[in-house]
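Okay, structure first, notes after.
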Amino acid sequence: MHSVGICGSDVHYWQHGRIGDFVLKKPMVLGHEAAGRVVKVGSAVTHLKPGNRVAIEPGVPRDMDEFFKRGQYNLSPTIFFCATPPDDGNLCRYYTHNANFCYKLPDNVTFEEGALIEPLSVGIHACRRAGVTLGSTVLICGAGPIGLVSLIVAKAMGASKVIITDLFAERLAMAKELGADFQLTVKKEDGAQVLAKKVKEILGTQPQITIECTGVESCIQTALYATCSGGVVLLVGLGAEMTTVPLVNAAVREVDIRGVFRYCNTYPMAIAMLSSGKVNVKPLVTHRFPLEQAGQAFETTRQGLGIKVMLKCDKNDQNP
């Protein structure tokens, strides 16, 4: 292993020992945003050899079930996924993974970019599910790592105007650097309908697509009110199990509400986007720690400092 990013879910397992129905019953290795160098391959592996640099897709289907056959293997109930109980993750020096889900990195794509393909995949899957295309107007709620990768992908897929919201000015500054056309600082006391009106005023129109990346009830309400009739609200952020939303308002305006669960069939596209220079994820990495300082790295993420914290697992190579 070379570079492993820390995700909010890693911190959540560390702090709470569960996410929804996924409950820790024994110790588990964390980490699922990863890239490394091949040391050894199995006898049946032909597309990889020792020395190859690879990005690791953490979700591997165990069964060739109906979801697998439909190309929606991410929805398979028996899927293996790094750092989701009871499956161990890859925040370690050496790690064994299914070769079909290890993707060779081009020479001009760094290990850190390889590790960032995992969160970037969430953005790709979100924009695909939402139908982002040439000329789309998009609202993104939340400028954390997932909001930012959704922004990057939306612009790469042709969105003409993207407005992004967050509580923190420094996150919105990063969003501006990454290509957001408009930024809106929100306050916790702001009402959902008031914010929806602000979005329309700033954008000049209601967004056709809203990608909600916070999971916060008030933000989901804002997303539904803000989106134009006939538009799409895509829920990426995970919050409380029960959430009060203006469902009738959305229903009578034919606003589609869609969910996402991780991603599937995204790694080849992500590698092509990075290699061609169509997207730039390098600014997302704000902190780096050697594996020995994992505790400090996790604490940095828990405190919400910076954007993406990267752990360097190869003692002999601490470069990006």
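Where residues in the range 156-182 are without any contact (Cβ under 8 Å) to a residue 24 or more places away in the chain and not small (Gly, Ala, Ser), which of them is nearest to Gly135 (Cα to Cα)?
Looking at residues that are without any contact (Cβ under 8 Å) to a residue 24 or more places away in the chain and not small (Gly, Ala, Ser), I get Asp181.
Quick check on my filter: what residues within the range 153-211 are out of contact with any Ser or Thr (no Cβ under 8 Å at 6 or more places or on another chain) and either of a type in the set (Ser, Thr, Tyr) or on the phi > 0 side of the Ramachandran plot (or both)?
Gly179, Gly204
Considering every residue within the range 128-149, establish whether at least one is in contact with a Phe, Trp or Tyr (Cβ under 7 Å, 6 or more places away or on another chain) and crowded, with 17+ Cβ neighbours inside 10 Å.
Taking every residue of the range 128-149 in turn, none turns out to be in contact with a Phe, Trp or Tyr (Cβ under 7 Å, 6 or more places away or on another chain) and crowded, with 17+ Cβ neighbours inside 10 Å.
Matching residues to (1) part of a loop (DSSP other than H, G, I, E, B); (2) closer than 14 Å to Val162 by Cα; (3) among the hydroxyl-bearing types (Ser, Thr, Tyr):
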{"position": "Lys197", "(1), (2), (3)": "no, no, no"}
{"position": "Lys200", "(1), (2), (3)": "no, yes, no"}
{"position": "Ile220", "(1), (2), (3)": "no, no, no"}
{"position": "Tyr225", "(1), (2), (3)": "no, no, yes"}
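Restricting attention to the range 170-193, which residues are over 21 Å from the mean Cα position of the chain (by Cα), closer than 18 Å to Gly306 by Cα and in a helix (DSSP H, G or I)?
If the condition is that a residue be over 21 Å from the mean Cα position of the chain (by Cα), closer than 18 Å to Gly306 by Cα and in a helix (DSSP H, G or I), then no residue fits.
Restricting the range 297-320 to residues that are crowded, with 16+ Cβ neighbours inside 10 Å and among the aliphatic types (A, V, I, L, M), which is farthest from Gly144 (Cα to Cα)?
My answer is Leu311.
Only one of these conditions is not met by Glu254: (1) outside any strand (DSSP E or B); (2) on the phi < 0 side of the Ramachandran plot; (3) in the same structural domain as Ile146 (by the TED database). Which number is it?
Result: Glu254 fails condition (2) only.
Just one of (1) open to solvent by less than 50 Å² (accessible area, probe 1.4 Å); (2) among the aliphatic types (A, V, I, L, M); (3) under 30 Å from Thr222 (Cα atoms) trips up Ala294, so point out which.
With respect to (1) open to solvent by less than 50 Å² (accessible area, probe 1.4 Å); (2) among the aliphatic types (A, V, I, L, M); (3) under 30 Å from Thr222 (Cα atoms), Ala294 is out only on (3).
Please give the strands (runs of 3 or more DSSP E) falling wholly within the range 1-104 in which 2 or more residues are under 18 Å from the mean Cα position of the chain (by Cα).
Those strands (runs of 3 or more DSSP E) span 3-5, 33-37, 53-56.
If we scan the range 45-55, do we find a residue that is open to solvent by 30 Å² or more (accessible area, probe 1.4 Å), touching a helix residue (DSSP H, G or I) at 6+ places or on another chain (Cβ under 6 Å), more than 20 Å from Ser3 (Cα to Cα) and without any contact (Cβ under 8 Å) to a residue 24 or more places away in the chain?
Taking every residue of the range 45-55 in turn, none turns out to be open to solvent by 30 Å² or more (accessible area, probe 1.4 Å), touching a helix residue (DSSP H, G or I) at 6+ places or on another chain (Cβ under 6 Å), more than 20 Å from Ser3 (Cα to Cα) and without any contact (Cβ under 8 Å) to a residue 24 or more places away in the chain.
Which residue, of Glu177, Glu201, Glu189, is at pLDDT below 95 and outside the structural domain of Leu274 (by the TED database)?
Numbers: Glu177 fails: at pLDDT below 95; Glu201 fails: at pLDDT below 95.
After ruling out the rest, the residue left standing is Glu189.
Take the residues in the range 249-279 that are among the hydroxyl-bearing types (Ser, Thr, Tyr) and surrounded by 13 or more Cβ atoms within 10 Å (Cβ to Cβ); name whichever of them is farthest from Ala99 (Cα to Cα).
Ser275
When you scan the range 144-166, do you find a residue that is outside the structural domain of Thr227 (by the TED database), under 23 Å from Glu33 (Cα atoms) and part of a loop (DSSP other than H, G, I, E, B), even just one?
no
Of these, Thr185, Thr165, Thr205, Thr210, which one is polar (S, T, N, Q), loosely packed, with under 15 Cβ neighbours inside 10 Å and touching a helix residue (DSSP H, G or I) at 6+ places or on another chain (Cβ under 9 Å)?
Thr185
The values are calculated or read from the model by the stated rules, or taken from the named source; none is laboratory data. These numbers were taken from a predicted model, which means no experiment stands behind them. Using ideal geometry, Cβ is built from the backbone for each residue, glycine included, and neighbour counts are taken over all protein chains shown. Quick note on the areas: whole protein, heavy atoms, side chains included, nothing else; ligands and nucleic acids left out. Shrake-Rupley method; radii C 1.70, N 1.55, O 1.52, S 1.80 Å.
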